[in-house]
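Bear in mind that the values in this text are calculations on the coordinates, not laboratory data. Since this is a predicted model, take the numbers as computed values, not measurements. Positions of Cβ are generated from backbone atoms using ideal geometry, with glycine treated the same way; all protein chains shown enter the neighbour counts.
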Amino acid sequence: MFEGLSTALITPFRDDAVDEPALRELVERQIAAGVDQLVPCGSTGESATLSHIEHGTVIEIVVSASRGRIRVLAGTGSNNTREAIELTQHAKAVGADGALLISPYYNKPTQEGIYEHYRAIAEQTKFPLVTYNIPGRTGSNIAPSTLARLADVPHIVAVKEACGDVGQIAEVVARCHEDFAVLSGDDALNLPIMAVGGKGAISTASNVAPEAVGELVRACRDNDLARARKLHFQLLPLFDALFFETNPIPVKCALELMGLIESAEVRPPLTPITEANRERLQVVLKELGTL
């Protein structure tokens, strides 16, 4: 479940409000490109600065626009376990297929606290859950031993791994049972993570190049490493460019340059991309053939 390519959707804004028509158009583009899942309200979707009403609305829009043609994995994470349960229950009620939950941030829970956080959400919601390990944003790391325990909790079906340590991720694959999916959460590591047993990717870059990233993921799943390496190196400049500044500043700029959204607007405390990085990004997009 939730294997293959998932796109971590941006949330388009216009005049500080969610741009619903643009969001619906982005959903259509992703479906036409053949991605396997859509992920609204993740880090790329600026969930941290969406109001609770906006958060629910974005998930509802993506579910409505998808019309059952593609699975929706809704971001419902919080450092407050009770709030995460409420957000997940809402996603379930409006028709999402599962929920992606970032590991608790700021609180810095122990490994036992992380385990109990996810276990409580799974027991209360009885909904397919994907854990999300990104120490660079949360300040804590989900240890392989903890993920092995979580893999045995009913309804916890996968992990999005963005710890940056392929050795650690390989240990997660080795420790967890076969039905538990390890998914890459770092585009630059999609190939190595899938080479050690990952089953897909939750991608920022597929906002820009869904067909190409999808082809890379499929090549990895087909064990065609020669093809996967070729695609990886073709896409590597894009993977790098989308992190010239904090995600999702560059990816929103890219979509604006491509004419897919009217505005690259981001919510404070994020700021617009610098002119120098905008020009660098434009060069990468031209070389990739997306402009």
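Given the structure, is residue 72 surrounded by 15 or more Cβ atoms within 10 Å (Cβ to Cβ) and more than 26 Å from residue 168 (Cα to Cα)?
Details: surrounded by 15 or more Cβ atoms within 10 Å (Cβ to Cβ): yes; more than 26 Å from residue 168 (Cα to Cα): yes.
Taking the combined requirement at face value, the residue satisfies it.
Residue-by-condition table, conditions (1) more than 18 Å from residue 179 (Cβ to Cβ); (2) in contact (Cβ under 8 Å) with a residue 24 or more places away in the chain; (3) in contact with a helix residue (DSSP H, G or I) (Cβ under 9 Å, 6 or more places away or on another chain):
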| site | (1), (2), (3) |
| --- | --- |
| 114 | yes, yes, yes |
| 117 | yes, yes, yes |
| 121 | yes, yes, yes |
| 134 | yes, yes, no |
| 139 | yes, yes, no |
| 150 | no, yes, yes |
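Restricted to region 213-245, and to residues there that are without any contact (Cβ under 8 Å) to a residue 40 or more places away in the chain and aliphatic (A, V, I, L, M), the residue that is surrounded by the fewest Cβ atoms within 10 Å (Cβ to Cβ) is 226.
For region 160-168, the condition holds for no residue, the condition being that it is within 22 Å of residue 99 (Cα to Cα), outside any helix (DSSP H, G or I), in contact (Cβ under 8 Å) with a residue 40 or more places away in the chain and touching a Lys or Arg at 6+ places or on another chain (Cβ under 6 Å). Screening residue 64 against (1) farther than 18 Å from residue 4 by Cβ; (2) buried (at least 18 other Cβ atoms within 10 Å of the Cβ); (3) more than 15 Å from the chain's Cα centre (by Cα) leaves a single unmet condition, (2). Select from region 265-291 the residues that are crowded, with 17+ Cβ neighbours inside 10 Å, closer than 21 Å to residue 209 by Cβ and of a type in the set (A, V, I, L, M) and list them in ascending order. 266, 273, 281, 284, 285, 288 - these are the residues of region 265-291 that are crowded, with 17+ Cβ neighbours inside 10 Å, closer than 21 Å to residue 209 by Cβ and of a type in the set (A, V, I, L, M). A Cβ distance below 8 Å, combined with a sequence gap of six or more or placement on separate chains, defines the contacts here; from region 16-31, residues that are touching a residue at least 12 places away in the same chain (Cβ under 8 Å) and within 18 Å of residue 6 (Cβ to Cβ) reach residues that are of a type in the set (Ser, Thr, Tyr) and crowded, with 19+ Cβ neighbours inside 10 Å in the pairs 23/11; 27/66; 30/7; 30/206; 31/66. Taken over region 246-291, residues that are without any contact (Cβ under 8 Å) to a residue 12 or more places away in the chain and among the β-branched types (Val, Ile, Thr) amount to 1.
Please report, ordered by residue number, the helices (runs of 4 or more DSSP H) entirely within region 1-113 with at least 1 residues that are of a type in the set (Ser, Thr, Tyr). Let's see the steps before the verdict.
Working: elements: 20-33, 52-66, 81-93.
Qualifying helices (runs of 4 or more DSSP H): 52-66, 81-93.
Could you go through region 255-263 and let me know if any residue there is in contact with a strand residue (DSSP E or B) (Cβ under 9 Å, 6 or more places away or on another chain) and buried (at least 19 other Cβ atoms within 10 Å of the Cβ). Checked against the condition, which is being in contact with a strand residue (DSSP E or B) (Cβ under 9 Å, 6 or more places away or on another chain) and buried (at least 19 other Cβ atoms within 10 Å of the Cβ), region 255-263 yields at least one hit. Every condition in (1) surrounded by fewer than 22 Cβ atoms within 10 Å (Cβ to Cβ); (2) over 19 Å from residue 71 (Cβ atoms); (3) touching a strand residue (DSSP E or B) at 6+ places or on another chain (Cβ under 6 Å) holds for residue 147 except the one numbered (1).
For region 104-116, what are the residues that are surrounded by fewer than 24 Cβ atoms within 10 Å (Cβ to Cβ) and not aromatic (Phe, Trp, Tyr)?
At the first step, the residues of region 104-116 found to be surrounded by fewer than 24 Cβ atoms within 10 Å (Cβ to Cβ) are 104-113, 115-116.
Of everything in region 104-116, those that are surrounded by fewer than 24 Cβ atoms within 10 Å (Cβ to Cβ) and not aromatic (Phe, Trp, Tyr) turn out to be 104, 107, 108, 109, 110, 111, 112, 113, 116.
The residue that is nearest to residue 242 (Cα to Cα), among those in region 169-185 that are touching a strand residue (DSSP E or B) at 6+ places or on another chain (Cβ under 7 Å) and part of a helix (DSSP H, G or I), is 169. Does residue 82 satisfy the criteria of being of a type outside the set (A, V, I, L, M) and farther than 24 Å from residue 20 by Cα? So residue 82 passes the test. Screening region 19-40 for residues that are β-branched (Val, Ile, Thr) and crowded, with 18+ Cβ neighbours inside 10 Å and picking the one that is nearest to residue 91 (Cα to Cα) gives 39. The single condition among (1) assigned to a loop (DSSP other than H, G, I, E, B); (2) within 16 Å of the chain's Cα centre (by Cα) that residue 188 does not satisfy is (1).
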